[in-house]
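**Q** Can you keep this structure in mind? I'll have questions shortly.
The values are calculated or read from the model by the stated rules, or taken from the named source; none is laboratory data. All values reported here derive from a predicted model rather than from experimental measurement. All Cβ positions, even for glycine, are placed from backbone atoms using ideal geometry, and neighbour counts span all protein chains on display.
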Amino acid sequence: MKKRLATVSLAGCFGCHMSFLDIDERILDLMKLVQFDRSPLNDFKKFKKRCDIGLIEGGCCNEENVHTLREFRKNCDVLVAIGQCAIMGGLPVMRNAIMHAEDPLRECLDTAYLNSPTVFNASNDIPNDPALPLLLDKVYTCAEVVKVDYQIPGCPPSGDTFWLAMTFLLKGTAADLPYELIKYD
Amino acid sequence: MGKDTVSVVRQACKKFDHEGSRILDILREVQKRLACVSGETMDLLAAELSTHRIEIEGLVSFYSFFSENRKGKIIIRLCDDIIDRFAGIERVAKVFSEELGIGIGETSSDWNFSLEFTPCIGMSDQAPAALINETVVTKLTPESAGVIARSLKKNLDTSALVKKKGDGNNADRLVNAMVENNIRKKGEVLLGDNVRAEAGLRKALKKKPEEVIQEVLDSGLRGRGGAGFSTGLKWSLARKAKDARRFVICNADEGEPGTFKDRVLLTERADLIFEGMTIAAYAIGGTSGIVYLRAEYEYLLPYLERVLARRRKAGLLGKNIGGEKGFAFDIRIQLGGGAYICGEESALISSCEGLRGEPKTRPPFPVERGFLGHPTIVNNVETFCCAARILDGGPRWFAAMGTAKSSGTKLLSVSGDCAKPGIYEVPFGIRVADVLDMAGADDPTIVQVGGASGEMLNRGSFYRKICFEDLSTGGSFMTFNSSRNMLKIVDYFLEFFIHESCGYCTPCRVGNVFLRERIQKIMEGYAVKADLDYLKDLSRTIMMTSRCGLGNTSPRPVLSSIDQFPVVYASLLGEGGEGLEAGFSIQKALEESRRIAKRSSMIYDPVYGGSSD
Ligand SMILES: Cc1cc2nc3c(=O)[nH]c(=O)nc-3n(C[C@H](O)[C@H](O)[C@H](O)COP(=O)(O)O)c2cc1C
Ligand code: SF4
């Protein structure tokens, strides 16, 4: 039976998903072994069935990220954090550097929407539509919010890394990634 | 720029002969007279001393007793030690704050008052205490704080605050302090009445220097500052180093929280200290001596200067000491700048040289290349006293006390929840339980031996012994009863180390912050078992990769408390459940956002009918 695979991008840039597609034509081989469930690649917004593997790109910067990540944990047997943002917070986590400020979140919003030299914001409004998810006090990595089974490092992990990692994941073992694939300088 | 500033700077520099290594004294003078060392003043000082402004700025920012911003004429430094916290310093702070109309860290608009917190000022036996300029006020209560504040508002003279003088030399005209010695137990070596003036020195001068060192070696004397290095060995290494100038430094920085025994020796045994230093100088061929006195003990300075002057007059310092032809030695007192790290011997030497109090890389060790590059011995106040007594009583008399590897007696500074806090001179090898009995500690539950960098003990460990073979301590012995929160103590120690790290090593500068964050996470109830593993792992890294003793020991309260109080930790750890991490609380993570956005969560606040957490 085919394994069910779900993927999602939380506080990430979709770079990991793009890189996933860098497995190129090998995706045809992959499709013989897996069935995609919830994923931006097929635009399914909800889980259809319980999945074997969930791939998470990005960490958590707002409540919706947390909610989605918990859904994934609930619905996937094996949860894999992919890329720097999911594992360590990545670029978004830079805002945690002002955590020790008097009012860090306010400072973050003011800088982003009001005070930066490149901002043009004539109305001086900070977006606050009720439909917008609330920001968390700081950016959390996936492993801080739920139990994570595996991590695939890289920013983004290369297509080859994805390919190899998927091969191992489908076999049900931890990937032993060769040095060339996890060396970044 | 005021003409005043110019003349103050000129005068200060002139007073210390424009000597670069005396810059700490120059800065102290300037700070005292101008209430700050402003940017302009730094420029002037740099020009006057032919150095760069950045050097001066480095010093002013390093030492907490100097400030770039203008301070009040009266600086009230409230002792923020853990003992003082438990004794109610917060309430005292509140009264000062209300009476003077300023918050902590602020200066009043008439430039009369500044209010600050400062780490342990060496008065834990009479907590809560504070420094008001140089004057020490002890056993504060909200009421007495009110009286003090109101009296200061009427009259800025701090000496008027000393209504009742303390015992012994605290009542001396030049000390004039309300500090009590609190000597609870006199031993044979240091505090007993059998201490004979200058007997050790006289006997030493009759011997060859090598023989003096041999006696100290035979006595088995080990350093009383905490590390316990063999004093005789240190002296012989310094003697062997080839140089025309050698230095003898007495470490009176006494910054380890809960330690105050050097304070009592400086008050009651000043002559014995100087005698010991003179013997050391004779033994190693030392030419000059320095006592590095912590800034918090400035109230003892005039008294100590008088003792030194008297010794010079009596021929016990200066040229041909004790009639010994060619033996010349003198001592000066260097005041510190309010930095715990300056108690570490190589940082202390840096500080004496007029540099930031940063530890040096070893080797070379101070005994080879210390103060200004010359061989230097640094010993604790108590060590010098012991040395003088050994020369009088003989090494065998000394070695007969204590244990096999820790000879002699030790001064313990006992503080915390006990009826009789104070100084106990006890033979090495005494059990923790016996100390607790003597001090009248009812319900002792947590004992911290060795200060912030020492070890935390539970009731089951009170059989352990105080000696270098088991529990080594520079003298700090704090006891806490069952009403005290163990994690608050650990948290305080980490806060202390974060404040006092010199910042040179990343593991120490940053690692201690991370340790504290995890401890706080545990206190808040968001931690899981993995957090304990993290704490242990990070502790090992900090201890292994830091350059000096501060980083090598700062995680010890964390490790020993995990070891001694596993149940306390376990009771605070959560379980994740269903694959969730207990350490993460969505409600807490959203608090700030809700406040700023002035709305509740679509997902996590039930009002909106979304799924709840
Ligand atoms: C962070 C730190 C603080 C220290 N503070 C003191 C101190 O206040 N007084 C002291 O005598 N030794 C202190 N020491 C120990 C000194 O480095 C040194 O070992 C001691 O002065 C040597 O004298 P002794 O052999 O007579 O003990 C400290 C060490 C460290 C690492
Ligand atoms: S261990 Fe800490 S205090 Fe010691 S040198 Fe390094 S940073 Fe400074």
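**Q** Considering only residues that are near ligand 2 (Cβ under 10 Å from one of its atoms) and in contact (Cβ under 8 Å) with a residue 40 or more places away in the chain, which ones fall in region B:340-365? Before the answer, list the steps.
**A** Residues of region B:340-365 near ligand 2 (Cβ under 10 Å from one of its atoms): B:340-341, B:344, B:346-347, B:357-361.
The answer is B:340, B:341, B:344, B:346, B:347, B:357, B:358, B:359, B:361.
**Q** A further question on this structure: I'd like to check something: does region B:593-613 contain any residue that is surrounded by 20 or more Cβ atoms within 10 Å (Cβ to Cβ), within 16 Å of ligand 2 (Cβ to nearest atom) and not assigned by TED's automatic domain parsing to the domain that holds residue B:459?
**A** Looking through region B:593-613, none of the residues is surrounded by 20 or more Cβ atoms within 10 Å (Cβ to Cβ), within 16 Å of ligand 2 (Cβ to nearest atom) and not assigned by TED's automatic domain parsing to the domain that holds residue B:459.
**Q** Among the residues of region B:321-362, how many are outside any strand (DSSP E or B) and more than 15 Å from ligand 1 (Cβ to nearest atom)?
**A** Kept after step one, since they are outside any strand (DSSP E or B), are these residues of region B:321-362: B:321-328, B:336-362.
Add one more test, that the residue is more than 15 Å from ligand 1 (Cβ to nearest atom), and what stays is B:321-328, B:353-355.
Qualifying residue count, region B:321-362: 11.
**Q** If you scan region B:154-168, which residues turn out to be surrounded by 15 or more Cβ atoms within 10 Å (Cβ to Cβ) and modelled with pLDDT of 95 or more?
**A** B:165, B:166, B:168
**Q** Further question on the same structure: Does region B:394-417 hold any residues that are crowded, with 23+ Cβ neighbours inside 10 Å and either within 16 Å of ligand 2 (Cβ to nearest atom) or part of a helix (DSSP H, G or I) (or both), and which are they?
**A** B:398
**Q** Still on this structure, I have one more. In region A:152-170, which residues are within 13 Å of residue A:81 (Cα to Cα) and surrounded by fewer than 18 Cβ atoms within 10 Å (Cβ to Cβ)?
**A** Once the filter is applied, which keeps residues that are within 13 Å of residue A:81 (Cα to Cα) and surrounded by fewer than 18 Cβ atoms within 10 Å (Cβ to Cβ), region A:152-170 yields only A:155.
**Q** Restricting the first residue to region A:55-77 and requiring it to be more than 9 Å from chain B (Cβ to nearest Cβ), which pairs with a second residue that is surrounded by 24 or more Cβ atoms within 10 Å (Cβ to Cβ) and charged (D, E, K, R) meet a Cβ separation below 9 Å and a spacing of at least six or different chains?
**A** A:71/A:38; A:72/A:38; A:75/A:38
**Q** Could you check region B:566-595 and list, in sequence order, the residues that are in contact with a Lys or Arg (Cβ under 6 Å, 6 or more places away or on another chain) and within 7 Å of chain A (Cβ to nearest Cβ)?
**A** Applying the first criterion (in contact with a Lys or Arg (Cβ under 6 Å, 6 or more places away or on another chain)) to region B:566-595 yields B:573, B:579.
Residue satisfying the conditions is B:579 alone.
**Q** Looking only at region B:520-544, count every residue that is small (Gly, Ala, Ser) and outside any helix (DSSP H, G or I) and tell me the total. Give the derivation first.
**A** Of region B:520-544, the ones small (Gly, Ala, Ser) are B:525, B:527, B:530, B:539.
Pick out the ones that are also outside any helix (DSSP H, G or I) and you get B:525, B:527.
Total meeting the criteria: 2.
**Q** What's the number of the only condition in (1) within 14 Å of chain A (Cβ to nearest Cβ); (2) free of Cβ contacts under 8 Å to residues at least 40 places away in the same chain; (3) away from ligand 1 (no atom under 16 Å from the Cβ) that residue B:498 fails to meet?
**A** So residue B:498 meets the others, but not (3).
**Q** Take region B:542-569 and flag every residue that is closer than 28 Å to residue B:509 by Cα and more than 16 Å from ligand 1 (Cβ to nearest atom). Before you say what the answer is, go through the steps one by one.
**A** In the first step, residues of region B:542-569 are kept if they are closer than 28 Å to residue B:509 by Cα; the result is B:542-566, B:568-569.
If the condition is that a residue be closer than 28 Å to residue B:509 by Cα and more than 16 Å from ligand 1 (Cβ to nearest atom), then B:558, B:559, B:560, B:561, B:562, B:563, B:564, B:565, B:566, B:568, B:569 are the ones that fit.
**Q** Before we move on, is residue A:141 touching a Gly at 6+ places or on another chain (Cβ under 9 Å), under 30 Å from residue B:585 (Cβ atoms) and either more than 8 Å from chain B (Cβ to nearest Cβ) or free of Cβ contacts under 8 Å to residues at least 40 places away in the same chain (or both)? Spell out the reasoning first.
**A** On the way: touching a Gly at 6+ places or on another chain (Cβ under 9 Å): yes; under 30 Å from residue B:585 (Cβ atoms): yes; either more than 8 Å from chain B (Cβ to nearest Cβ) or free of Cβ contacts under 8 Å to residues at least 40 places away in the same chain (or both): yes.
When the stated conditions are applied, residue A:141 passes them.
**Q** Just a yes or no: is a residue in region B:211-223 within 16 Å of ligand 2 (Cβ to nearest atom) and in the same structural domain as residue B:386 (by TED's automatic domain parsing)?
**A** Of the residues in region B:211-223, the ones within 16 Å of ligand 2 (Cβ to nearest atom) are none.
The answer is no; no qualifying residue exists.
For every residue, the table says whether it meets (1) under 30 Å from residue B:263 (Cα atoms); (2) out of contact with any helix residue (DSSP H, G or I) (no Cβ under 6 Å at 6 or more places or on another chain); (3) away from ligand 1 (no atom under 15 Å from the Cβ).
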site	(1), (2), (3)
B:449	yes, yes, yes
B:453	yes, no, no
B:491	yes, no, yes
B:510	no, yes, yes
B:515	no, no, yes
B:522	no, no, yes
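**Q** Let me ask something else. Out of B:272, B:304, report the one residue that is assigned to a helix (DSSP H, G or I) and under 27 Å from residue B:132 (Cα atoms). Show your work before the answer.
**A** Numbers: B:272 fails: under 27 Å from residue B:132 (Cα atoms).
On inspection, the qualifying residue turns out to be B:304.
**Q** Could I ask something else about it? Being within 21 Å of residue B:355 (Cβ to Cβ) and among the hydrophobic types (A, V, I, L, M, F, W, C) narrows it down to one residue among B:290, B:279; which is it? Can you show your working first?
**A** Numbers: B:279 fails: within 21 Å of residue B:355 (Cβ to Cβ).
Result: B:290 is the single residue among B:290, B:279 that is within 21 Å of residue B:355 (Cβ to Cβ) and among the hydrophobic types (A, V, I, L, M, F, W, C).
**Q** Also: Would you be able to say whether some residue in region B:231-242 is in contact with a Cys (Cβ under 9 Å, 6 or more places away or on another chain) and among the aliphatic types (A, V, I, L, M)?
**A** Just the residues of region B:231-242 that are in contact with a Cys (Cβ under 9 Å, 6 or more places away or on another chain), to begin with: B:231.
The next check asks that each one be among the aliphatic types (A, V, I, L, M); those that pass are none.
Scanning region B:231-242 turns up no residue that is in contact with a Cys (Cβ under 9 Å, 6 or more places away or on another chain) and among the aliphatic types (A, V, I, L, M).
**Q** Do you know which residues across region A:85-125 are within 12 Å of chain B (Cβ to nearest Cβ), in contact (Cβ under 8 Å) with a residue 24 or more places away in the chain and in a loop (DSSP other than H, G, I, E, B)?
**A** A:99
**Q** Counting only residues that are without any contact (Cβ under 8 Å) to a residue 60 or more places away in the chain and out of contact with any helix residue (DSSP H, G or I) (no Cβ under 7 Å at 6 or more places or on another chain), give me the helices (runs of 4 or more DSSP H) lying completely in region B:153-249 with at least 1 of them. Show your work before the answer.
**A** On the way: elements: B:199-205, B:209-219, B:231-240.
It comes to B:209-219, B:231-240.
**Q** Also, quick follow-up: Name the single residue that is farthest from residue B:220 (Cα to Cα) among those in region B:433-454 being of a type in the set (A, V, I, L, M, F, W, C) and free of Cβ contacts under 8 Å to residues at least 40 places away in the same chain. Before the answer, list the steps.
**A** The first filter runs over region B:433-454 and keeps only residues of a type in the set (A, V, I, L, M, F, W, C), leaving B:433, B:435-436, B:438-439, B:441, B:446-447, B:449, B:452.
Adding the requirement that they be free of Cβ contacts under 8 Å to residues at least 40 places away in the same chain leaves B:433, B:447, B:449.
Values: B:433: 26, B:447: 28, B:449: 22 Å.
Among those that are of a type in the set (A, V, I, L, M, F, W, C) and free of Cβ contacts under 8 Å to residues at least 40 places away in the same chain, it is B:447.
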